[in-house]
1. Give the stretch 43-62 a look and list any residue that's assigned to a loop (DSSP other than H, G, I, E, B) and buried (at least 18 other Cβ atoms within 10 Å of the Cβ), or say none.
2. Could you list all residues from the stretch 101-119 that are in contact (Cβ under 8 Å) with a residue 12 or more places away in the chain and either surrounded by 14 or more Cβ atoms within 10 Å (Cβ to Cβ) or on the phi > 0 side of the Ramachandran plot (or both)?
3. Tell me whether the stretch 13-28 contains one or more residues that are crowded, with 22+ Cβ neighbours inside 10 Å, in contact (Cβ under 8 Å) with a residue 40 or more places away in the chain and within 18 Å of ALA216 (Cβ to Cβ).
4. Check whether at least one residue in the stretch 125-139 is in contact with a Pro (Cβ under 7 Å, 6 or more places away or on another chain) and either under 20 Å from SER164 (Cα atoms) or touching a residue at least 40 places away in the same chain (Cβ under 8 Å) (or both), and report yes or no.
Amino acid sequence: MRNDPILELLDVHAAYGRIEVLHGVDLTVPRGSVMALLGPNGAGKSTLLKVVSGQLRATSGHVHLGGTHVNDASPDALARAGLCTIPEGRSVFPNLTVTENLRLAAYGGVPAAHVYDVAFSRFPRLGERSNQLAGSLSGGEQQMLAMARALATNPALLLVDELSMGLAPLIVKELYEVVAALAEEGVSVLVVEQFADAALAVADRAAVLVHGKVVATGGPDEIAADLTHLYLGGAP
């Protein structure tokens, strides 16, 4: 892990119309690290990911990706710069097969053979189900497919929204082991979670967002030790 940041948010505010959701967020993700962004439901975590990925423009403050100011960058431009998002809900195409879902990643210029190689070596279960409709996969397998499709783009920064939602603990553990392996290979990961245990188990750093403000940042052990207090009393 390098100490220089791949992502920096400096005093970022964001709103939906007149309703401000982020109230001056400061957050740094070092290169090659796993940063867990934790917080209760409604804290503003998904809004923060929308700002970082260019889906929602910050009303003030600064977003830097790889040292470049990207407040006005489009999602397409950010994707070309190496940012990739795995959204909440997995976002696979249920009426396409596993292979057809993966082939979509090749439309960005990545050879299809590379896409399949990455997916099936990282997730052998997808290879066993390559001709199966994605909608007939289990929730965990659909999450594997969504992750495999993202990894085929060789991202520099991967944003993951609620990886564990609706999945069995053993599947969640398996997916987070992949997240940890990615960081070892140099991919930076910002993972947003409401349920903290699995994310903290592989995180290098963690931050807690409550009512649109970062109320704590630190190592996973120190954040875990004080998480209940932070969720319930970390912000006015």
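Rule-based calculations on the coordinates, nothing more; no lab input. Here the structure is a predicted model, which is why all the values come from computation and not from measurement. Cβ atoms come from the backbone with ideal geometry, glycine included; neighbour counts cover every protein chain shown.
1. ALA43, GLY44, SER53, GLY54, LEU56, ALA58
2. The answer is ASN101, LEU102, ARG103, LEU104, ALA105, ALA106, VAL110, VAL115, TYR116, VAL118, ALA119.
3. Within the stretch 13-28, one or more residues are crowded, with 22+ Cβ neighbours inside 10 Å, in contact (Cβ under 8 Å) with a residue 40 or more places away in the chain and within 18 Å of ALA216 (Cβ to Cβ).
4. Looking for residues that are in contact with a Pro (Cβ under 7 Å, 6 or more places away or on another chain) and either under 20 Å from SER164 (Cα atoms) or touching a residue at least 40 places away in the same chain (Cβ under 8 Å) (or both), one finds at least one in the stretch 125-139, hence yes.
Yes or no, residue by residue, for (1) more than 21 Å from LEU83 (Cβ to Cβ); (2) in contact with a Phe, Trp or Tyr (Cβ under 7 Å, 6 or more places away or on another chain); (3) in a helix (DSSP H, G or I):
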{"site": "ILE171", "(1), (2), (3)": "yes, no, yes"}
{"site": "GLU177", "(1), (2), (3)": "yes, no, yes"}
{"site": "ALA180", "(1), (2), (3)": "no, no, yes"}
{"site": "GLY186", "(1), (2), (3)": "no, no, no"}
{"site": "VAL189", "(1), (2), (3)": "no, no, no"}
{"site": "VAL215", "(1), (2), (3)": "yes, no, no"}
{"site": "ASP221", "(1), (2), (3)": "yes, no, yes"}
